[in-house]
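In what follows, a single structure is set out as structure tokens and then discussed.
The values are calculated or read from the model by the stated rules, or taken from the named source; none is laboratory data. Not measured: the values here are computed from a predicted model. Positions of Cβ are backbone-derived with ideal geometry, glycine not excepted, and every protein chain shown enters the neighbour counts. Just so you know, the surface numbers come from the protein's heavy atoms only, side chains and all, with ligands and any DNA or RNA stripped out. Shrake-Rupley method; radii C 1.70, N 1.55, O 1.52, S 1.80 Å.
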Amino acid sequence: MSGNWGAASVSQRAVWRQLKGALHSAAQLHDAEWDLTDAQGFDHVAAQLLWEMWRQRMPAQLHGTESQKAIVERVAKLTVNTQVKAESGGVAQGVSLLGQFALGGLSHAKGMLELVGQLLLDAIQLVHRPLRGPWHDFSGHVFRMGAQALPITALVGFLIGVVIAYLLALQLRQFGADAFIVDILGISITRELGPLLAAILVAGRSGSAITAQIGVMRVNEELDAMRVMGIPQGFRLVLPRAMALALAMPLVSLWTTMAALVGGVWAADMSLNISPAFFVQTLPAAVDVANLWLAMAKSVVFGLAIALVGSHWGLWVKPNTESLGSGTTASVVTSITAVIVIDAVFAIIFRNVGF
């Protein structure tokens, strides 16, 4: 190597075009040697260039001054290996991805279990010292998660009731079983669709908001400030949200169920000429009140699950906006999945209730 190898020289476009081909050809030789004796202005940029072109390995022999050798050794020692390993194909890669997914799931499951345990401890503390509870935050969350969710849940519930009633009318009319629309609508909406639909809407609306609120606190280092000041995060952040959703979710569920029944009554009147008076008179006998109590109990569990999942992903967020976006997305998906799983468990356990 001879000539000027300083950063200003090798960074010129014309010089680099000539060097690139020559260095690439020389790098193919297994027993190549570096002779840096005549390289003028040899610096760390030139050493990094050689190191990368040689695929981050030393040559068979290195000739040069002590300063040049020290530069090369320093670059070799401090360079981070950025080469991407070739992906192993087939079964090995699938097993590796499955293992990573399983380990990630176990990590989040452990975090959720710790959050549930901390929530129980905070609830016990609130019982012992009720006057020191976060009641102001609790009332604000009840308003935002409950009262402000009523319009959208009523609209969606009404439309779902209309759709289901029209679909049932098309089938029941074929068999002359028009009157059974009251039984089918009453049981399906009161027991399953009303609570489930309300929980999915709240999970998308309030679950994402919980994650975003706590995640922004992480980005703004407010959570670190709370830890330094000795303010318990579970007692001040998770507990009021969990209590608010546990209280608001049954009420929102009942509201959504009523809206869906109103939509079903209107559609049944329009499609099957079943009057609202007949519907209201027949509904109490067709639907046992145990179905309503079961729906309210499920809604409480739905609310706690949504609050815990949203809080978990909010606390998981790293101090950057990319993590905040991915955490919010994961929170909504996980909340909706948890709601459906819990509903399936309730359906299996209480399959004989209300019939």
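Structure values in brief
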{"read-out": "Of the criteria (1) open to solvent by 20 Å² or more (accessible area, probe 1.4 Å); (2) under 21 Å from N291 (Cβ atoms); (3) touching a residue at least 40 places away in the same chain (Cβ under 8 Å), which one I184 fails", "value": "(3)"}
{"read-out": "Any hit, the range 54-77, residues being acidic (D, E), open to solvent by 70 Å² or more (accessible area, probe 1.4 Å) and without any contact (Cβ under 8 Å) to a residue 12 or more places away in the chain", "value": "yes"}
{"read-out": "Residue selected from the range 142-161 under the condition among the β-branched types (V, I, T) and over 14 Å from G194 (Cβ atoms), by the criterion least open to solvent (accessible area, probe 1.4 Å)", "value": "V142"}
{"read-out": "Some residue of the range 87-101 being assigned to a helix (DSSP H, G or I), under 19 Å from G310 (Cα atoms) and modelled with pLDDT of 85 or more", "value": "no"}
{"read-out": "Residues (closer than 21 Å to T79 by Cβ, among the hydrophobic types (A, V, I, L, M, F, W, C) and not in a helix (DSSP H, G or I)) located in the range 1-58", "value": "M1, W5, A32, W34, L36, A39, F42, W54, M58"}
{"read-out": "Residue match in the range 293-301 (condition: more than 30 Å from F180 (Cβ to Cβ) and surrounded by 15 or more Cβ atoms within 10 Å (Cβ to Cβ))", "value": "yes"}
{"read-out": "Single condition L193 does not satisfy, out of (1) among the hydrophobic types (A, V, I, L, M, F, W, C); (2) surrounded by 15 or more Cβ atoms within 10 Å (Cβ to Cβ); (3) more than 13 Å from T256 (Cα to Cα)", "value": "(3)"}
{"read-out": "Close pairs (9 angstrom Cβ cut-off, 6 or more residues apart or separate chains): under 17 Å from V289 (Cα atoms) and modelled with pLDDT of 85 or more in the range 339-355, of a type outside the set (A, V, I, L, M, F, W, C) and surrounded by 15 or more Cβ atoms within 10 Å (Cβ to Cβ) anywhere", "value": "F346/K298; A347/R191; A347/E192; F350/K298"}
{"read-out": "Which numbered condition W316 fails, given (1) surrounded by fewer than 24 Cβ atoms within 10 Å (Cβ to Cβ); (2) of a type outside the set (D, E); (3) under 30 Å from H108 (Cβ atoms); (4) free of Cβ contacts under 8 Å to residues at least 60 places away in the same chain", "value": "(4)"}
{"read-out": "Selected residue [touching a Pro at 6+ places or on another chain (Cβ under 8 Å) and of a type in the set (A, V, I, L, M, F, W, C)] from L223, L239", "value": "L239"}
{"read-out": "Residues being touching a helix residue (DSSP H, G or I) at 6+ places or on another chain (Cβ under 8 Å) and not in a helix (DSSP H, G or I) - total across the range 126-152", "value": "3"}
{"read-out": "Residue within the range 296-310 that is part of a helix (DSSP H, G or I) and of a type in the set (K, R) present", "value": "yes"}
{"read-out": "Subset of the range 266-282 [closer than 20 Å to A154 by Cα, in contact (Cβ under 8 Å) with a residue 60 or more places away in the chain and open to solvent by 20 Å² or more (accessible area, probe 1.4 Å)]", "value": "W266"}
{"read-out": "Complete set of residues in the range 319-335 that are assigned to a helix (DSSP H, G or I) and either more than 28 Å from L223 (Cα to Cα) or open to solvent by 70 Å² or more (accessible area, probe 1.4 Å) (or both)", "value": "T321, E322, T329, V333"}
{"read-out": "Among the residues listed as A242, A212, the single one being buried (at least 22 other Cβ atoms within 10 Å of the Cβ), touching a helix residue (DSSP H, G or I) at 6+ places or on another chain (Cβ under 6 Å) and in contact (Cβ under 8 Å) with a residue 12 or more places away in the chain", "value": "A242"}
{"read-out": "Positions within the range 21-51 being open to solvent by 70 Å² or more (accessible area, probe 1.4 Å), of a type outside the set (V, I, T) and in contact (Cβ under 8 Å) with a residue 12 or more places away in the chain, in sequence order", "value": "H24, H30, D31, E33, D35, D38, Q40, H44"}
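Condition check ((1) of a type in the set (G, A, S); (2) within 19 Å of A198 (Cα to Cα); (3) outside any loop (DSSP other than H, G, I, E, B); (4) out of contact with any Cys (no Cβ under 6 Å at 6 or more places or on another chain)) across all residues:
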residue: V280; (1), (2), (3), (4): no, no, yes, yes
residue: P284; (1), (2), (3), (4): no, no, yes, yes
residue: W293; (1), (2), (3), (4): no, yes, yes, yes
residue: T337; (1), (2), (3), (4): no, yes, yes, yes
residue: R351; (1), (2), (3), (4): no, no, no, yes
